[in-house]
Amino acid sequence: MNVGNLRWPVNIEQKTAGTPNSYGETEPSAEWTVFASVWADIKPISGREFEFARSFAKTVSHRVDMRYCQGLLPNMRVNFGGRIFTINAAINVDERNREHLLYCTESPTVAAS
C-alpha cells in the first residue's frame with residue numbers, strides 16, 4: 001500500500017446500540033455513530049476487479065483502501081463527506097493487520113428538503 005494515496009478523510013460508522021423493550025429484546029436503532037476516523041483512498045471499480053467484487057454483492061461500486069482498523073466489521077459503513085458507502089466485504093490484506101480493503105456500494109443520497 002502506498003500511504004501517499006490515502007488522501008481522503010473518512011469516517012467509519014456503526015449503528016448505535018438499541019434500547020431494550022418491555023420483553024427485554026433490543027430494539028434496533030436508526031442512528032449511526034463514528035467508530036473511527038481514518039485516511040483512505042476511494043476508487044470506483046471496473047473490469048476484472050468488478051467481476052471479483054460481484055462475488056460479495058452484485059451492486060459493489062467502489063473500493064476503499066485504508067490502514068488496518070481493528071474491530072472493523074462488514075455491517076459498518078463509510079461516510080465520505082456525506083456520501084455513504086455500505087461495506088459489503090472487509091478484507092484484511094494478507095492477514096498481516098496492516099491494510100484493509102473494503103468493497104462497498106454507494107447508497108443513493110436523499111436531498112434534504
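Please treat every number below as a calculation from the coordinates, not as lab data. For clarity, every value in this text was computed on a predicted model and none was experimentally measured. Cβ atoms come from the backbone with ideal geometry, glycine included; neighbour counts cover every protein chain shown.
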field: Longest exposed-site-free window of the chain, the sites being chymotrypsin sites (Phe, Trp or Tyr not before Pro) in a DSSP loop that have at most 15 other C-beta atoms within 10 Å
entry: 69-113
query: What ³J(HN,Hα) values, in whole Hz, does the Karplus curve 6.51 cos²θ - 1.76 cosθ + 1.60 give for region 23-35 when θ = phi - 60°, with x put for Gly and Pro?
result: 9, x, 7, 7, 7, x, 9, 9, 8, 10, 10, 6, 8
- prompt: Ratio of the chain's C-alpha Rg to 2.2 N^0.38 Å, to two decimals?
  reply: 1.16
message: I need to check one value: relative contact order of the chain, counting alpha carbon pairs closer than 8 Å and at least 6 residues apart, in percent.
response: 24
query: the chain: longest stretch without exposed trypsin sites (Lys or Arg not before Pro) (DSSP loop, at most 15 other Cβ within 10 Å), sites themselves excluded?
result: 8-53
- request: Mind sorting C104, C69 by how few other Cβ atoms lie within 10 Å of their own Cβ, fewest first?
  value: C69, C104
